[in-house]
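> Would you mind keeping the following structure in view while I ask a few things?
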Amino acid sequence: MIRSLIRHVVLTAVCLSLSLPSPGQGAENPIVFADVPDMAMIRVGGTYYMSSTTMHMSPGLPIMKSKDLVNWELVNYAYDTLADVDALNLANGESAYGKGSWASSLRFHNGTYYVTTFAQTTGKTYIYSTKDIENGPWEVTSFEPSLHDHTLFFDDDGRTYMIWGGGQLKMVELKEDLSGIKPGTERVLIENATAPAGPNVGLPAEGSQLFKVNGKYHLFNIAWPKGGMRTVIVHRAEKITGPYEGKVALQDKGVAQGGLIDTPYGDWYAYLFRDYGAVGRIPYLVPVKWEDGWPVLGVDGKVPAHLDLPASGGLIPGIVASDEFTRKKGEPVLPLVWQWNHNPVHGLWSVTQRKGYLRLKTGRVGNDFLQARNTLTQRTIGPESAGSTAIDVSNMKEGDFAGLALLQQQYGLVGVKYEHGTKSIVMLNAESGSPVLAESVPLKQNKVYLKAEGDFNDCRDVATFYYSLDGKTWKKIGSQLKMAYTIPHFMGYRFGLFNYATKAPGGYVDFDYFHINDQISNKSKAQAAE
């Protein structure tokens, strides 16, 4: 598993075929220009649901909803926290970057929704179930071992299976109550599922998703030939136990990993994703036709730029959204667009202690932004996006550092540092792998405005940081950050609001708002193009 992880992370750093289509009248690929990888999708009546990977984030295992396969909104998470362990708590120097929970499987069976995942962090496989996927509550069952990139499948005979693995794919039958593996049922399903992609492969077949269509079983996987691109492989069989025959189903733009979805009108699509640099892994839809009992993906073997589906209304506010931190009665304390970097400490944040503000209080001492507790995040979105906030720093303690970040291993941030009795606006650039102080500006007032802009056009992957003293006139600060999708985070860049102490805990800052939009300044674009 470790070798597979290393190969996978290294390979996903590659940005293939940089150009994207110009906007048109109908739907365009990618359907979601944001980090929504490892999708699993179902249709219940006229409603589609999709689960995805958010790894070390909390809450986790997001559930999204759509009526047209194009416009999606977050409606739930399967769990608040995956587990109470040091790695997920950012405790004792440990972290779960690049780990947490991965590639989920989503099913609807006999009136119950099931979403399953696995975690290298805990060594377990998890099954979450609910009658109401949009509101819960969820029940959870877990068991060992952790079944890598598995697919859950309810067969017509009442039996339930999981298929998993890399290269060599295995299958087990689950107990009737899904509490674990039925003893003696483990078997090798396909000895070398990578074979259709050829002998010279860097990433063996993984990402299993199984479907039964017209009485035949269709198993989707991906592989990555050396010197090539992520490739869709499909195997089919008359029986779930095989034998399986396989072929390459799609090899274009590196769009791969996912499965099949049909519409109420009889149309079929493959939902897949593409590595697209620093913004992350972004979902595509590919039309499917059936020929000789095989799903044929694409238009003449290619991923189309345009789709015969409704146009997108944008990712705001369904996937990301601005927040004034004002809450009316009955509204959630935090909207679903927010996720904490690792498990939060709930006693150290509030949106009620000061009306209309998010308060982040420090609870321990440290010197590493990546180990800071209670960093609150949202996805960046492409092809460009900007996040901004206003922060009241009047209650900081000596050594505190708070502000706005673009979170990944090679992060960048702009914030306020209280050091030697004075406050300064500083920009840190960790493009080299270690944070470098790019600029420091003295601050003589208690409120400051901060902004970060990300240019993901054609995988340019450049971020620019700004500050303002009045919220109107913005000044660039520090150096531009060349963003990179790197080990170990395995996640697209995220906007993050943070506050951590380097000398003594107990200080706090108040964020007035967080605003996100899908345009950046022309100045940022010009600088990035230089």
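The values are calculated or read from the model by the stated rules, or taken from the named source; none is laboratory data. A quick note: this is a predicted structure, and the numbers were derived from the prediction, not measured. Cβ placement follows ideal geometry from the backbone for every residue including glycine, while neighbour counts extend to all protein chains displayed. Side chains included, ligands, DNA and RNA excluded: accessible areas come from the protein's heavy atoms. Shrake-Rupley method; radii C 1.70, N 1.55, O 1.52, S 1.80 Å.
> I need to check one value: relative contact order of the stretch 412-530, counting alpha carbon pairs closer than 8 Å and at least 6 residues apart, in percent.
20
> Heavy-atom accessible area per residue, the chain, 1.4 Å probe: how many Å²?
That works out to 39 Å² per residue.
> Which of the trypsin sites (Lys or Arg not before Pro) found in the stretch 183-247 are in a DSSP loop and have at most 16 neighbouring Cβ atoms, other than their own, within 10 Å?
Within the stretch 183-247, the qualifying trypsin sites (Lys or Arg not before Pro) (loop, at most 16 other Cβ atoms within 10 Å) are Lys226, Lys239.
> For Lys451, go through the aspartates and glutamates and keep the ones whose alpha-carbon is under 20 Å away, minus same-chain ones fewer than eight residues off.
Lys451 reaches Asp323, Glu324, Glu384, Asp392, Asp400, Glu431, Glu439, Asp461, Asp470, Asp510, Asp512, Asp518.
> Could you please put Val36, Val188 in sequence from largest to smallest accessible area, using a 1.4 Å probe?
Val188, Val36
> Rounded to the nearest 0.05, what FRET efficiency do Lys67 and Lys397 have when you use their Cβ-Cβ distance and R0 = 35 Å?
0.10
> For Lys503, list the lysines whose Cα falls under 19 Å from its own Cα; do not include residues on the same chain fewer than 8 positions away.
Reachable lysines: Lys361, Lys397, Lys417, Lys423.
> OK, next. Return, for the Cα atoms of the chain, the radius of gyration and Dmax in Å, separated by a comma.
Rg and Dmax of the chain, Cα atoms, are 23.1, 75 Å.
> Calculate the translational D of the stretch 52-141 in whole µm² s⁻¹ from Stokes-Einstein, where the hydrodynamic radius comes from the Kirkwood formula applied to all Cα pairs, the temperature is 20 °C and the viscosity 1.002 mPa s.
Estimated via Stokes-Einstein, D reaches 157 µm²/s.
> May I pose another question? Relative contact order of the stretch 37-193: what whole-number percent is it, with Cα pairs under 8 angstrom and at least 6 residues apart?
14
> Just tell me which lysines come within less than 26 Å, Cα to Cα, of Lys216; anything on the same chain fewer than 8 places away is out.
Of all the lysines, those that pass the test against Lys216 - Cα under 26 Å, at least 8 places apart if same chain - are Lys170, Lys175, Lys182, Lys239, Lys247, Lys289, Lys302.
> Related question: Compute the normalised compactness of the stretch 271-342: alpha-carbon radius of gyration over 2.2 N^0.38 Å, N being the residue count.
1.65
> Could you give me D for the stretch 436-530, from Stokes-Einstein at 4 °C and 1.567 mPa s, where the hydrodynamic radius is the Kirkwood radius over C-alpha pairs? Units µm² s⁻¹, please.
Using the Kirkwood radius from Cα pairs, D works out to 83 µm²/s.
> Would you mind calculating the relative contact order of the chain from Cα pairs under 8 angstrom and at least 6 residues apart, reporting the percent as a whole number?
Relative CO of the chain lands at 15 percent.
> Okay, next question. Each residue of the stretch 352-358 in turn: what ³J(HN,Hα) in whole Hz from Karplus with 6.51, -1.76, 1.60 and θ = phi - 60°, glycine and Pro shown as x?
10, 5, 9, 4, x, 9, 8
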